[in-house]
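K.L.:
My structure is below; once you've seen it, I'll send some questions.
The values are calculated or read from the model by the stated rules, or taken from the named source; none is laboratory data. Nothing here was measured: the structure is a model prediction, and the numbers come from that model. Cβ sites come from the backbone with ideal geometry, for glycine too, and all protein chains shown count toward neighbours.
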Amino acid sequence: MAESSYDCIVIGSGPGGYVAAIRAAQLGLKTAVIERDKVGGRCLNYACIPAKAVLRSADLLSEIRDGEEFGLKVAGVEVDYEAIQARRAKVVSTLTSGVAGLFKKNSIELIEGDAALGAEGEVLVAGQTLTAGSVILATGSVPRTIPGVTLGGRVIGTEQAWALAELPARLAVVGAGASGAEIASGFARLGSEVLLLEALERVLPSEDEDISRLVERGLKRQGIDVQTATPVADVKAGESSVGFSYGESLSEVDYLVIAAGRGADIDGLGVAEAGIELDEPGLIKVDGALRSSRSGVYAIGDLVQGPALAHKASDEGIIAAEDIAGRPTHPIAYVDIPRATFCTPNVGSFGLTEAQAREQGYDVVVGKVPYGAVGGGTVYGDRTGLVKVVGESKYGELLGGHIVGSRATELIQELVNVRALEGGFPELARIIHGHPTLSEAVMEAGRAADGWLIHG
Ligand SMILES: Cc1cc2nc3c(=O)[nH]c(=O)nc-3n(C[C@H](O)[C@H](O)[C@H](O)COP(=O)(O)OP(=O)(O)OC[C@H]3O[C@@H](n4cnc5c(N)ncnc54)[C@H](O)[C@@H]3O)c2cc1C
């Protein structure tokens, strides 16, 4: 039985909620987390972590297959899909039990149940009314679908895709954003025949155009049939397959994955009854400290504005907890949050694309350097990767960074850090980088923007 009174109650234990709870407890607040499903939220149980665990198997397989170039002949490589799924489950349980352990270590009470806001200062769960000095809503998001299509049976969302019990022979993915590209790239390399459909003009439509172009080339090289500017229609789900049309063509696949974005999970949370204001369709309106329009109620993560990303949810959790504890906290520059897509080729980006910087009227300078320009690209076997720095000429400000190729999801952090520490591309150009590393291409992109590229 839960105690009845807390300084802070967090609803939802995803990367937003669990980090908020730990920070609140660190600051001396008596804290409880309410979770209706599994500790760790969707991120750890169904989304980010399982996706990356399965993709890791696909990446390793690609490396083994490319081994000959490195003098390694590996015969008889086989995909044991069941074992891949078993590893996924093990990775998930290792990380979720880690979160449960952190709750214990920080004396955070975990309450199981479906929570809702009650009267001011109250939270209702499992027939109990708890009182809370403050409440942090961190209930995340649920998948959206496309008009006329209902999720169910063989029409699945992205979370179900990573947990499929069988490796599909034929898979179609609707939506070539980050999640759709990851699913297409993962399953195609594991052996599925994959059709990737995007209604907009290019894959990863919110990335810089140069990046989209290289990603599309990379996906096609994996045998994926990529169809852009192609909406899907006439979806008919059967017992053992799904039929649909796209452009002039008809197709039938084992599973149709809808990767069409997500919407805030607020059904039954009592948000409307509490008079909490919403802004963009269904998102909870918050100020810079994540305070909602109701006093003492905060909202974070996929429930609020900004990119729906785990690290963004966690950062907001820290801000909310610090604000509740009366501590000074930091603002979030949403545009500078790193974005990572773990398909092959990997993509990491932050800030403005070249087109956005031009639209906003900056005097734009661009530094573009292929991985092949530095020793690391050739040594480690990826000469086609690209680092693109978008800056403005007057002050050398770093407006955006875009990287595609091996380890782009790690490399992007350097550009984010340079910007966060108020450096520009001229400073980036003069920071000494280890040799031979791919990060030298990041430094060289800074030099290219500054007009003195050495290797190129
Ligand atoms: C397939 C996929 C892959 C992704 N990959 C990445 C990635 O690589 N990197 C990245 O940064 N982001 C990724 N994301 C996005 C990321 O998962 C989300 O941004 C993140 O999970 C949001 O965290 P959150 O804390 O807001 O909520 P969630 O992780 O959604 O957790 C919310 C929790 O609240 C619980 N809950 C909901 N309502 C109630 C209630 N009324 N009472 C009690 N509990 C409740 C839910 O059960 C859930 O456990 C991915 C998303 C998907 C779908």
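K.L.:
Would you mind listing the strands (runs of 3 or more DSSP E) fully within segment 96-183 where at least 3 residues are under 23 Å from the mean Cα position of the chain (by Cα)?
P.N.:
141-143, 155-157, 170-174
K.L.:
So A272 ticks every box in (1) in contact with a strand residue (DSSP E or B) (Cβ under 8 Å, 6 or more places away or on another chain); (2) surrounded by fewer than 21 Cβ atoms within 10 Å (Cβ to Cβ) but one. Which box is left unticked?
P.N.:
Going through (1) in contact with a strand residue (DSSP E or B) (Cβ under 8 Å, 6 or more places away or on another chain); (2) surrounded by fewer than 21 Cβ atoms within 10 Å (Cβ to Cβ) one by one, A272 breaks only (1).
Residue-wise test of (1) farther than 30 Å from A169 by Cβ; (2) buried (at least 18 other Cβ atoms within 10 Å of the Cβ); (3) free of Cβ contacts under 8 Å to residues at least 40 places away in the same chain; (4) within 16 Å of the ligand (Cβ to nearest atom).
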| site | (1), (2), (3), (4) |
| --- | --- |
| Y46 | no, yes, no, yes |
| I64 | no, no, yes, no |
| L72 | no, no, yes, no |
| A89 | no, no, yes, yes |
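K.L.:
Pairs, please: C-beta under 9 Å, at least 6 apart or cross-chain, first residue among the acidic types (D, E) and in segment 418-430, second in a loop (DSSP other than H, G, I, E, B)?
P.N.:
E427/G396; E427/L421
K.L.:
What is the residue count in segment 316-342 for residues that are of a type outside the set (G, A, S), within 26 Å of A178 (Cα to Cα) and not in a loop (DSSP other than H, G, I, E, B)?
P.N.:
Going through segment 316-342 one residue at a time, the tally reaches 7.
K.L.:
If we keep just the residues of segment 245-279 that are farther than 30 Å from A169 by Cβ and of a type in the set (D, E), which is nearest to the chain's Cα centre (by Cα)?
P.N.:
Only one residue tops the list, namely D265.
K.L.:
Right, another one. So V232 passes all but one of these: (1) within 24 Å of the chain's Cα centre (by Cα); (2) surrounded by 19 or more Cβ atoms within 10 Å (Cβ to Cβ). Which condition number does it fail?
P.N.:
The one condition V232 does not meet is (1).
K.L.:
Identify the single condition in (1) surrounded by fewer than 24 Cβ atoms within 10 Å (Cβ to Cβ); (2) not in a loop (DSSP other than H, G, I, E, B) that R202 does not satisfy, given that it satisfies every other one.
P.N.:
The number of the failed condition is (2).
K.L.:
Residue by residue through segment 94-153, note down the ones that are out of contact with any Ser or Thr (no Cβ under 9 Å at 6 or more places or on another chain) and among the charged types (D, E, K, R).
P.N.:
Selection gives K104, K105, E112, D114, R144.
K.L.:
Kindly indicate which of E3, E78, E82 is in a loop (DSSP other than H, G, I, E, B) and at pLDDT 95 or above.
P.N.:
E78
K.L.:
Taking the residues in segment 12-44 that are among the basic types (K, R) and near the ligand (Cβ under 6 Å from one of its atoms) as candidates, determine which candidate is nearest to the chain's Cα centre (by Cα).
P.N.:
R42
K.L.:
So, one more: Taking the options A161, A138, A172, name whichever one is of a type outside the set (K, R), within 10 Å of the ligand (Cβ to nearest atom) and more than 23 Å from G17 (Cα to Cα).
P.N.:
A161
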